[in-house]
Amino acid sequence: MSRRQPPTPGPDDTLERLRRHLEFLGLTHALAHIDEHLAWATREKPAHGAVLERVLGEEAAQKREKRIERRIALSGLPEHKALEAFDWAFQPKLDKSAVMELAGLDFVRRKEDLVITGKSGTGKSHLLQAIALRACQQQLAVRYARCVDLLDDLYSGLADGSYPQRLKRWAAVDLLVIDDVGLGQVKKREDEPTAAHTLFNLIDRRHGHASTAFTSNIKLSAWGRYLGDATLAVAILDRLIMRAVRLDIDGPSYRQHLSREHAKQRGTTLPDDEAPEDALPPS
């Protein structure tokens, strides 16, 4: 007596099983676009390998884009600055080729540091944030903070007992961006370590293991006064300069330039000795 053969699955059954497979594997993009992929395959009749390349290629691109978005969200970057938006003509003394080389991120892969100095408003933060954004797009772990905010976060850890965890998080990323050294008031607490001591612990942990990038609105020789301990400031700078790329922007303030342009549009004139507070070099 012959055995009955199971019925051949119909197209609807096959499609339903395919949907379940994609869902189980977490291929959400392929699952959402399966009808489009099948319609394309029916219409174009590509080789089997081409079908797989299309389905998996789009899935991989979608996952990569989501990972980049997550990297950017976790970085703390206040704005998504682009190098393409930088006004190179306004800073003619700035070596564009050197900046573009930095944007290639080889210094991060070599675990070197970066120090950008110059007066306030010259574009230091723009350049550093743009480099950090590119690092996120290369799927590197990045964290950004203004110097005073970073120090406040670590001081908060001393107060609530979470200092080791906070220090570990700041130390763990591939590229740590510390912006605006010299701007903002560093809080001085009688019963706590100086800002220099707090920053030294972080830099010492990262030195030679991961890249740290600074912008400074004051001369490096003034870090001791700003951070509250000249000796430890020298120790910080010794570690930075040993493996650091230095870039100094010697030019006018772009914010002051914009302020004057806006004054012209209003039909007024900004006196030479009057400029926005954040466009003036710190005293």
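If Thr269 passes every condition in (1) modelled with pLDDT under 90; (2) assigned to a helix (DSSP H, G or I); (3) not small (Gly, Ala, Ser) but one, which one does it miss?
Condition (2) is where Thr269 drops out.
Is it true that some residue in region 153-164 is closer than 27 Å to Gly123 by Cβ and either surrounded by fewer than 18 Cβ atoms within 10 Å (Cβ to Cβ) or modelled with pLDDT under 95 (or both)?
Yes - at least one qualifying residue is present in region 153-164.
Would region 221-238 turn up any residue that is out of contact with any Gly (no Cβ under 7 Å at 6 or more places or on another chain), modelled with pLDDT under 90 and among the hydroxyl-bearing types (Ser, Thr, Tyr)?
no
Could you please tell me which pairs satisfy a Cβ distance under 8 Å, a separation of 6+ or placement on different chains, a first residue in region 12-33 that is over 23 Å from Ala61 (Cβ atoms), and a second residue that is among the acidic types (Asp, Glu) and open to solvent by 70 Å² or more (accessible area, probe 1.4 Å)?
Hits for this filter: zero, empty list.
Filter region 71-91 down to residues that are surrounded by 13 or more Cβ atoms within 10 Å (Cβ to Cβ) and aliphatic (A, V, I, L, M) and give me whichever is farthest from Cys147 (Cα to Cα).
Leu83
Any idea how many residues of region 28-79 are in contact with a helix residue (DSSP H, G or I) (Cβ under 8 Å, 6 or more places away or on another chain) and under 30 Å from Trp170 (Cα atoms)?
9
Would region 249-264 turn up any residue that is closer than 28 Å to Ala171 by Cα, part of a loop (DSSP other than H, G, I, E, B) and either touching a helix residue (DSSP H, G or I) at 6+ places or on another chain (Cβ under 9 Å) or at pLDDT 85 or above (or both)? Before you say what the answer is, go through the steps one by one.
In the first step, residues of region 249-264 are kept if they are closer than 28 Å to Ala171 by Cα; the result is 249.
Filter once more, keeping what is part of a loop (DSSP other than H, G, I, E, B): none.
No.
Quick one: in region 92-127, which of the residues that are part of a helix (DSSP H, G or I) and polar (S, T, N, Q) is nearest to Ala145 (Cα to Cα)?
So the first thing to find is which residues in region 92-127 are part of a helix (DSSP H, G or I), and the list is 96-103, 106-109, 124-127.
So of that shortlist, the ones also polar (S, T, N, Q) come out as 97, 125.
Values: Ser97: 26, Ser125: 11 Å.
Result: Ser125.
The values are calculated or read from the model by the stated rules, or taken from the named source; none is laboratory data. Since the model is a prediction, treat every value here as computed from it, not as a measurement. We place every Cβ from the backbone using ideal geometry, glycine too, and count neighbours over all the protein chains shown. The area values use the complete protein model at the heavy-atom level, side chains included, leaving out ligands, DNA and RNA. Shrake-Rupley method; radii C 1.70, N 1.55, O 1.52, S 1.80 Å.
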